[in-house]
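Encoded as structure tokens, the structure appears first; notes follow it.
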Amino acid sequence: MQVNNRNQNSMKQFGAFWLMLIVMLLLNMVYISIKLYKSNISKPMLAKSEITQAEFARLHTLSNYTLSIESSFLIVLIITMIIMFSKKHKSLIYRSLVLLLSFLILLLAVNIVAAQTFDAPSGNNVQLLFVPILLVAGVLIYVVLRKILPQRKDLRDTKKYNW
């Protein structure tokens with residue numbers, strides 16, 4: 001009975017984490033949609049020798065939207081990581097980091113498949129995820145190393161060393 005209560009408490013603590021994953025999924029979907037649309041409308045423009053002011057403004061607006069989504073995605077990721085490092089979620093940090101990294105890699109794979117399916121540039125579709133994947137992987141490596149490496153004691157407090 002006590003184990004069941006602990007699992008229910010951990011799932012309640014994970015609630016904010018799941019919400020953030022859903023927000024990141026939605027932001028990624030909107031980002032990919034805009035990138036695919038932009039790729040689709042820019043192909044005929046590339047065939048022409050000139051681009052009109054209206055077409056340029058349209059592409060510029062779409063680029064601004066994707067930049068805003070990239071910023072929002074990073075902000076949501078940072079908020080998610082802050083939530084994970086809060087005291088009440090500390091016991092779940094390793095699992096949540098592994099889950100978050102797996103989620104981001106899955107999104108990366110989906111973005112690559114979408115780019116290939118709709119004949120869009122792959123690099124444009126995955127640039128949203130490079131920094132988040134590197135950030136989460138770096139934090140995960142830090143957490144793992146901190147757990148497996150012995151903790152250093154303050155050398156000034158030990159009598160073994162005479163500095």
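Is there a residue being aromatic (F, W, Y) and in a helix (DSSP H, G or I) anywhere in segment 30-41? Yes: one or more hits.
If S96 satisfies all but one of (1) within 16 Å of the chain's Cα centre (by Cα); (2) closer than 23 Å to N40 by Cα; (3) not aliphatic (A, V, I, L, M), what's the number of the condition it fails? S96 satisfies all of (1) within 16 Å of the chain's Cα centre (by Cα); (2) closer than 23 Å to N40 by Cα; (3) not aliphatic (A, V, I, L, M) except (2). Kindly indicate the residue of segment 29-46 that is touching a residue at least 12 places away in the same chain (Cβ under 8 Å) and charged (D, E, K, R) and also nearest to T117 (Cα to Cα) among those meeting that condition. The qualifying residue nearest to T117 (Cα to Cα) is K35. Please tell me if L62 is closer than 30 Å to V144 by Cα and either exposed (fewer than 15 other Cβ atoms within 10 Å of the Cβ) or in contact (Cβ under 8 Å) with a residue 24 or more places away in the chain (or both). No: the conditions fail for L62. All told, K43 meets the bar of being in contact with an Asp or Glu (Cβ under 9 Å, 6 or more places away or on another chain) and either surrounded by 17 or more Cβ atoms within 10 Å (Cβ to Cβ) or modelled with pLDDT under 85 (or both).
Candidates in segment 71-91 are the residues that are over 16 Å from Y142 (Cβ atoms), more than 10 Å from the chain's Cα centre (by Cα) and in contact (Cβ under 8 Å) with a residue 12 or more places away in the chain; of these, the one that is surrounded by the fewest Cβ atoms within 10 Å (Cβ to Cβ) is K88. Please go through segment 120-149 and give me each residue that is in contact (Cβ under 8 Å) with a residue 12 or more places away in the chain, surrounded by fewer than 15 Cβ atoms within 10 Å (Cβ to Cβ) and not in a helix (DSSP H, G or I), ordered by number. Answer for segment 120-149, where residues must be in contact (Cβ under 8 Å) with a residue 12 or more places away in the chain, surrounded by fewer than 15 Cβ atoms within 10 Å (Cβ to Cβ) and not in a helix (DSSP H, G or I): just P121. Scoring K90 on the criteria (1) under 25 Å from M29 (Cβ atoms); (2) among the charged types (D, E, K, R); (3) modelled with pLDDT under 90 leaves a single failure, condition (1).
Check segment 50-59 and report whether any residue there is among the β-branched types (V, I, T) and either modelled with pLDDT under 80 or not in a helix (DSSP H, G or I) (or both). Checking segment 50-59: at least one residue is among the β-branched types (V, I, T) and either modelled with pLDDT under 80 or not in a helix (DSSP H, G or I) (or both). Of the residues screened, L26 is one that is of a type in the set (A, V, I, L, M), without any contact (Cβ under 8 Å) to a residue 60 or more places away in the chain and under 24 Å from F130 (Cα atoms).
Residue count for segment 96-119 under the criterion of being surrounded by 14 or more Cβ atoms within 10 Å (Cβ to Cβ) and assigned to a helix (DSSP H, G or I): the result is 16.
The values are calculated or read from the model by the stated rules, or taken from the named source; none is laboratory data. Note that the structure is a prediction, hence the values are computed from the model and not measured. For neighbour counting, all protein chains shown are included, and Cβ atoms are generated from backbone atoms with ideal geometry for every residue, glycine included.
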